Amino acid sequence: MTGIIKTSSAASVKQSRRGAEESPLAKWALIAVALAFSLVFLLLPLVNVMAQAFVKGWACYWSSLTQPDSRAAIRLTLIVAAISVPLNVLFGLAAAWAIAKFEFRGKSLLVTLIDLPFSVSPVVVGLMFIVLFGLQGFFGKWLGAHGIKIIFAVPGIVLATIFITFPFVARELIPVMQATGTEQEQAALTLGASGWQTFWHVTLPSVKWGLIYGIILCNARAMGEFGAVSVVSGHIIGRTETMPLRVEALYQGATGASTVAAFCRGELAGAPGLVYAGDQDFPRMETGERISGSRSRIVDR
Amino acid sequence: MIGAASLGWVAGKELTLLNVSYDPTRELYQDFDAAFTKYWEVKTGEIITIQQSHGGSGKQARMVIDGLQADVVTLALAYDIDAIAEKAGLLPPGWQQRLPHNSCPYTSTVVFLVRKGNSKGIRDWDDLIKPGVSVITPNPKTSGGARWNYLAAWGYALKKFDRDEGRARDFVDRLFRNVPIFDTGARGATTTFVQRGIGDVLIAWENEALLSVKESGKDEFEIVTPSLSILAEPPVAWVDSVVNKRGTREMARAYLEYLYTPEGQEIAARHYYRPRLESVAQKYAGMFPRVSLFTINEVFGGWRQAQKAHFSDGGIFDQIQRAGR
């Protein structure tokens, strides 16, 4: 690390000798770049969509939301999130626990597998399920003969969403759990607490911000996933259209009014993300402090 | 069949019919479904819900092959339904002989939509291959409408060059070099042209062009009718294996036959599809300009041949695309 700092900021050797501080110039330049970038590329388009949503007033916004097909899309999206998020929380907790607290064979394989959905294109994820459960697919004939519908129905959408949102909770929890270490849990166990008590009273409180942040990200993606869901949905209006698919359908609705409606809906899909954005400060600071704290300990040695 | 249907009724199950259709028919079938639902209730006392799914025709056919439970398919071209028959065996190969007019209850053609004033002076197919003219048409690999567009251009060039295949190919090649964006479906291409303002001319279904002019007001777009175009025949069929399993054969058949009735034909005409029924066609004659039209059978020997020569993997369209890069 020190080597990198020396070569990268040769001009500010003096400052770096004084300690780990960067020069104020570099600090403010970095902050300015990061802020400008997020303003232009992230905030501006979002604000624009929100402004567009209300171009024709609240009445249009409200009527586009209360259309039966839009209501059905909102309901389906909530159902999908309500199934996939809790499952991924359970899995994420179990996986993060196993990876952070234990050494075992195949641990690196598990870590890689958790990251797999990040590295596979959502379209491929959708096609994967079609190849598996589609009529021409591996289980297709059997499922068809037994009248079980997975693809082009709600189960397929849930499956695709679970796959896509698989890593979010685990990925947030692993670094937090690793940073907290096992000392407190060992202490609790030594003092006679049961496994469950330790989990509820020691482990969970210490990772709660990481967990909440993971759930928020997981939920946002579950409600916003387009690619994989589009492939397995079948696009049946009022039945298998989720909110993102509905936004696309409205955008293609050819009429001017429905374009505005699409903007309205786009805003709705974006809104939870904004609420989350406000919350992000909390967990980030917590985990950030903890991680930098543990690092400074290492540096001190 | 009636037994199965009423069984579903007794069990309190909602009676549904899924119509898997192509891109620009959303508005047509919204109206038609409402009319048929009423008709069916009067006729049988059953209250039904008709569900719609829309997308590029080729993509929609693929989903039915992969198990989307479509009671009826109303796609952009016969080949896509042929594919469902061939690849998945969900309906018999002779499906097209089951309903009148080769199972095509309405027709359309391919026209040009240009921006008001027509600053590039587009009058006919020849103007689309001029350098500097930006042409919007969807991807023929996924969109049925795009395949009609492509074949219309090809048919025009064949006639112009006295059936010289090489020169026709060069013509279509030059046309596709002028295409900056391939959308996957006809509706996506319309959105690109109308709402995003990209391109000088949109090659479009006539119904889609008429709809765009109506929706946006007459002062934004103009329709240019080429000297020669193709008779586009979008076919309909019930999917035997699905209707047999779900017990919806009668309803599905009645649904498609209702398209041929004066009421069905009126709804089609109101949504800018050319009706088959003479009385309705006369009533709406003012809406559809007279164009000399050729059919796919006359020029290409049918969809199977056209599909194989032009749109199969490694076919002429692929070769043109590769050469263009």
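Of A:ALA96, A:ALA81, A:ALA73, which residue is at pLDDT 90 or above and touching a Lys or Arg at 6+ places or on another chain (Cβ under 8 Å)?
Values: A:ALA96 fails: touching a Lys or Arg at 6+ places or on another chain (Cβ under 8 Å); A:ALA81 fails: touching a Lys or Arg at 6+ places or on another chain (Cβ under 8 Å).
Exactly one residue qualifies, and that residue is A:ALA73.
Yes or no: B:LEU151 outside any strand (DSSP E or B), surrounded by 18 or more Cβ atoms within 10 Å (Cβ to Cβ) and modelled with pLDDT of 95 or more?
Working: outside any strand (DSSP E or B): yes; surrounded by 18 or more Cβ atoms within 10 Å (Cβ to Cβ): yes; modelled with pLDDT of 95 or more: yes.
It is true that B:LEU151 is outside any strand (DSSP E or B), surrounded by 18 or more Cβ atoms within 10 Å (Cβ to Cβ) and modelled with pLDDT of 95 or more.
Working only within region B:189-201, note down all residues that are within 12 Å of another protein chain (Cβ to nearest Cβ) and crowded, with 23+ Cβ neighbours inside 10 Å.
Start the filter on region B:189-201 by keeping residues that are within 12 Å of another protein chain (Cβ to nearest Cβ), which leaves B:189-196.
Matches in region B:189-201: B:ALA189, B:THR190, B:PHE193, B:VAL194.
For residues that are within 12 Å of chain A (Cβ to nearest Cβ), within 14 Å of the chain's Cα centre (by Cα) and not in a strand (DSSP E or B), scanning just region B:29-60, find the one that is modelled with the highest pLDDT.
Filtering region B:29-60 for residues that are within 12 Å of chain A (Cβ to nearest Cβ), within 14 Å of the chain's Cα centre (by Cα) and not in a strand (DSSP E or B), the one modelled with the highest pLDDT comes out as B:TYR29.
Which condition number in (1) without any contact (Cβ under 8 Å) to a residue 60 or more places away in the chain; (2) over 23 Å from the mean Cα position of the chain (by Cα); (3) over 20 Å from B:ILE296 (Cβ atoms) is the one that B:PHE171 fails?
Against the list (1) without any contact (Cβ under 8 Å) to a residue 60 or more places away in the chain; (2) over 23 Å from the mean Cα position of the chain (by Cα); (3) over 20 Å from B:ILE296 (Cβ atoms), B:PHE171 comes up short only on (3).
Any residue at all in region B:248-262 that's closer than 24 Å to B:GLU41 by Cβ and surrounded by fewer than 14 Cβ atoms within 10 Å (Cβ to Cβ)? Spell out the reasoning first.
Step one: filter region B:248-262 for residues closer than 24 Å to B:GLU41 by Cβ, giving B:248-262.
Applying the additional criterion that residues be surrounded by fewer than 14 Cβ atoms within 10 Å (Cβ to Cβ) yields B:262.
Looking through region B:248-262, at least one residue is closer than 24 Å to B:GLU41 by Cβ and surrounded by fewer than 14 Cβ atoms within 10 Å (Cβ to Cβ).
Looking at B:GLY121, is it of a type outside the set (Ser, Thr, Tyr), more than 26 Å from B:TYR260 (Cβ to Cβ) and out of contact with any strand residue (DSSP E or B) (no Cβ under 6 Å at 6 or more places or on another chain)?
For B:GLY121, the condition - of a type outside the set (Ser, Thr, Tyr), more than 26 Å from B:TYR260 (Cβ to Cβ) and out of contact with any strand residue (DSSP E or B) (no Cβ under 6 Å at 6 or more places or on another chain) - is met.
So for region A:125-147 (the condition being more than 14 Å from chain B (Cβ to nearest Cβ), under 28 Å from A:ILE74 (Cα atoms) and touching a Phe, Trp or Tyr at 6+ places or on another chain (Cβ under 6 Å)), does at least one residue qualify? Talk me through it step by step, then tell me what you get.
To start, the set of residues in region A:125-147 that are more than 14 Å from chain B (Cβ to nearest Cβ) comprises A:125.
Now drop any that are not under 28 Å from A:ILE74 (Cα atoms), which leaves A:125.
Still in the running and touching a Phe, Trp or Tyr at 6+ places or on another chain (Cβ under 6 Å): A:125.
The answer is yes; a qualifying residue exists.
Answer yes or no: is there a residue in region B:297-310 that is modelled with pLDDT under 90, out of contact with any Asp or Glu (no Cβ under 8 Å at 6 or more places or on another chain) and basic (Lys, Arg).
No - not one qualifying residue is present in region B:297-310.
Among the residues of region B:111-120, is any within 14 Å of another protein chain (Cβ to nearest Cβ), touching a residue at least 40 places away in the same chain (Cβ under 8 Å), closer than 24 Å to B:ASN207 by Cβ and not β-branched (Val, Ile, Thr)?
So the first thing to find is which residues in region B:111-120 are within 14 Å of another protein chain (Cβ to nearest Cβ), and the list is B:113.
Keeping just the survivors that are touching a residue at least 40 places away in the same chain (Cβ under 8 Å) gives B:113.
Adding the requirement that they be closer than 24 Å to B:ASN207 by Cβ leaves B:113.
Still in the list and also not β-branched (Val, Ile, Thr): B:113.
Yes; the residues of region B:111-120 include at least one that is within 14 Å of another protein chain (Cβ to nearest Cβ), touching a residue at least 40 places away in the same chain (Cβ under 8 Å), closer than 24 Å to B:ASN207 by Cβ and not β-branched (Val, Ile, Thr).
Might you check whether a residue that is away from every other protein chain (no Cβ under 14 Å), at pLDDT 55 or above, more than 20 Å from B:GLY188 (Cβ to Cβ) and part of a helix (DSSP H, G or I) occurs anywhere in region A:234-252?
Looking through region A:234-252, none of the residues is away from every other protein chain (no Cβ under 14 Å), at pLDDT 55 or above, more than 20 Å from B:GLY188 (Cβ to Cβ) and part of a helix (DSSP H, G or I).
Give the number of residues within region B:174-188 that are at the interface with chain A (Cβ under 10 Å from one of its Cβ atoms) and either over 13 Å from B:SER212 (Cα atoms) or free of Cβ contacts under 8 Å to residues at least 60 places away in the same chain (or both).
The total comes to 2.
Listed here are the residues, each with its yes/no results for (1) modelled with pLDDT of 95 or more; (2) crowded, with 19+ Cβ neighbours inside 10 Å; (3) not aromatic (Phe, Trp, Tyr).
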position	(1), (2), (3)
B:TYR79	no, yes, no
B:PRO92	yes, no, yes
B:LEU99	yes, yes, yes
B:CYS104	yes, yes, yes
B:ASP126	yes, no, yes
B:ASN139	no, yes, yes
B:THR142	no, yes, yes
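Return the residues of region B:154-178 that are within 30 Å of B:THR25 (Cα to Cα) and part of a loop (DSSP other than H, G, I, E, B); say none if nothing qualifies.
Correct list: B:ASN178 only.
Surrounded by 19 or more Cβ atoms within 10 Å (Cβ to Cβ), within 20 Å of the chain's Cα centre (by Cα) and either touching a residue at least 60 places away in the same chain (Cβ under 8 Å) or assigned to a helix (DSSP H, G or I) (or both): which single residue out of A:ILE114, A:ILE79 fits that description? First the steps, then the outcome.
Values: A:ILE79 fails: surrounded by 19 or more Cβ atoms within 10 Å (Cβ to Cβ).
Just a single option satisfies the conditions, and that option is A:ILE114.
Within region B:209-216, can one find any residue that is surrounded by 23 or more Cβ atoms within 10 Å (Cβ to Cβ), within 18 Å of the chain's Cα centre (by Cα) and modelled with pLDDT of 95 or more?
no
Output the number of residues of region B:62-101 satisfying the condition of being within 12 Å of chain A (Cβ to nearest Cβ) and polar (S, T, N, Q).
Residues meeting the conditions: 1.
Do we have A:LEU127 as of a type outside the set (Gly, Ala, Ser), in a loop (DSSP other than H, G, I, E, B) and modelled with pLDDT of 90 or more here? Lay out the reasoning, then the answer.
Working: of a type outside the set (Gly, Ala, Ser): yes; in a loop (DSSP other than H, G, I, E, B): no; modelled with pLDDT of 90 or more: yes.
No.
What number of residues in region B:128-137 are of a type outside the set (Gly, Ala, Ser) and either without any contact (Cβ under 8 Å) to a residue 40 or more places away in the chain or surrounded by fewer than 21 Cβ atoms within 10 Å (Cβ to Cβ) (or both)? So that I can check it myself, show each step before the final result.
First, pick out the residues of region B:128-137 that are of a type outside the set (Gly, Ala, Ser): B:128-131, B:133, B:135-137.
Still in the list and also either without any contact (Cβ under 8 Å) to a residue 40 or more places away in the chain or surrounded by fewer than 21 Cβ atoms within 10 Å (Cβ to Cβ) (or both): B:129-131, B:133.
So the count comes out to 4.
Take the residues of region A:41-76 that are touching a residue at least 12 places away in the same chain (Cβ under 8 Å) and exposed (fewer than 14 other Cβ atoms within 10 Å of the Cβ): which is farthest from the chain's Cα centre (by Cα)?
Within region A:41-76, the match that is farthest from the chain's Cα centre (by Cα) is A:VAL55.
Among the listed residues A:VAL169, A:VAL260, A:VAL176, which satisfies the condition of being farther than 18 Å from A:LEU127 by Cα, surrounded by fewer than 24 Cβ atoms within 10 Å (Cβ to Cβ) and at pLDDT 90 or above?
Working: A:VAL169 fails: surrounded by fewer than 24 Cβ atoms within 10 Å (Cβ to Cβ); A:VAL260 fails: at pLDDT 90 or above.
Selected residue: A:VAL176, the only one of A:VAL169, A:VAL260, A:VAL176 that is farther than 18 Å from A:LEU127 by Cα, surrounded by fewer than 24 Cβ atoms within 10 Å (Cβ to Cβ) and at pLDDT 90 or above.
The values are calculated or read from the model by the stated rules, or taken from the named source; none is laboratory data. Just so you know, these numbers come straight off a predicted model, no measurement behind them. Here Cβ is always computed from backbone atoms with ideal geometry, including for glycine, and neighbour counts include all displayed protein chains.
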